[in-house]
Amino acid sequence: MSVSVRDLSNCERAVALYASDMPTSYRQKGRDYSRLCAWIVQGAARLGMGELYRSAAYAYGYRLLWLARLTTPSQRQAHALRFPDGGRFDKAERLASLVTCFADLGMSEAAIKRGDRPAVEGDCRCYGSGWIRDRDDADDPTTEYAMNCPGHNPNASGSAYAAKSVIA
Ligand SMILES: [Zn+2]
């Protein structure tokens, strides 16, 4: 199997680096990204494309939920099982972003599309409906607020009202 870095999304590059022989202490110096690219290809081959795509989608979904401070204990547990070395994953994400921003390799259309599709592992505050409801308004218990789930519905598509019956 042969894959080129160009055919991988940013998050796939990070997951591949995590799975590669790259030393966690590695520091990028200068503008030659060939070692990082070789590790990305190695990690991708090691995982296989199916697992790489899946893991990267979960990692991206987790990052979106984490940024919004909406992760649940079961999501944190699933992420920690998938990427037990948090420091290494953090390093892999940073280095993958360096490659994506500065290595001037471009990214294939298919990789860009995959990179925009998060997935969620673990129980979600939206129960998979794509909408997180909040009934905590003490002043008016009849009022409900809903926000789109960053993991299941990052683009806020559909209607929060349609999701109501799913939860009730
Ligand atoms: Zn969700």
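Every number in this text was worked out from the coordinates using simple rules, so none of it is lab data. This structure is a prediction, so every number in the text was calculated from the model and none was measured. Virtual Cβ from ideal backbone geometry, glycine too; neighbours counted across all protein chains shown.
Scanning region 21-65 for residues that are hydroxyl-bearing (Ser, Thr, Tyr) and free of Cβ contacts under 8 Å to residues at least 40 places away in the same chain, we see that the one that is farthest from LYS113 (Cα to Cα) is SER25. Taking helices (runs of 4 or more DSSP H) as the structural unit, those lying wholly within region 27-140 and holding at least 2 residues that are within 16 Å of the ligand (Cβ to nearest atom) correspond to 49-67, 73-82.
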